[in-house]
Structures are given as structure tokens and as C-alpha cells.
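Below is one structure, written out as C-alpha cells; the observations come after it.
Computed from the coordinates by the stated procedures, all read-outs in this text should not be read as laboratory data. These numbers were taken from a predicted model, which means no experiment stands behind them.
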Amino acid sequence: MTADQHIDDFLSRLFGYVEKLVLLIVGVLALAGIGQIIIEIPARGEIRLEDLLLIFIFIEIMAMANVYFQRREVPFTFPMFIAVTALSRLVVLQGKEIEGELLLYEGAAILLVSLAILVVRFSQRYRIPPTGPEAGVDEADRH
């Protein structure tokens, strides 16, 4: 191995460890966020919908980190699910004081992201195998 290859190998391993450490921190912080919400509920004396939606956001973040640890990739739809939940939480937080036009925009954003999730899922499920020159190229080689 050349010196450049040793450096590349070292840096690759270093970034891999840093990546795992940061994902672990993200998971721990998401779990801490869930804990904070659960602790605040008895103090307030009520469970609010925005608390439940925030817990779902934290759970989705933890699931995204978990999937990355298992598969070494994050499905594109995970951040989109988080976006839908966050937009829904925004609508709930604004309550009845929200202007009708703003509610319409936020609802359209939820619909748009939801449709994007459907398109991505549909394209993954019913992918047409490549023909011609791309037929023998692996997915990893296309990048």
C-alpha cells in the first residue's frame, strides 16, 4: 500500500467512526427529547396533540438512525415522513387563530410531500429494469 492509500484508509475509518458517534448522539438526544415531553405531561396535567406529534417526530428520527446503522443507507422517504409530521404539528400548534390562506398553504405542503412519498414508493416498487448499455451496470457504479 502506498502512503496515499494508507491515508485514505485511515480517513475512511475515521469518518465512519465519527458518523456512528454522531448518529448515536442523535439517537440519545431524540430519546432525551421524548423523556422531556413525558416528564412535562404530568406537570401540565394534560396530554396535548402537539406533544404526541413531537414524540412521533423523535421516534422517526430514531428509526432513521437505526435504519442507517442496519443498512448503511437511509430511505429517502424517512425525512419526508418527518416533514409531514412536522407540518401537521405546525398546523396543530397554530390552532384556530391561523389565517385561512396560511392553513391552505400548509395543507397543500402536507399534500405535496405526501404525494412525493407515494411517487418515490411507487417508483421503488415498480422499477423497470434497465435495458441497453445500462443493463449490466450495478447501482453502486452509477454514482
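Give me the percent relative contact order of the chain, please, defined on Cα pairs under 8 angstrom at least 6 residues apart. Before the final figure, lay out each step's value.
Details: 65 pairs, mean separation 28.0, N = 143.
Worked out over the chain, it gives 20 percent.
Rounded to whole Hz and in sequence order, give me ³J(HN,Hα) for segment 85-92 from the Karplus expression 6.51 cos²θ - 1.76 cosθ + 1.60, θ = phi - 60°, writing x for Gly and Pro.
With the stated coefficients, segment 85-92 comes to 5, 5, 5, 4, 5, 4, 4, 5 Hz.
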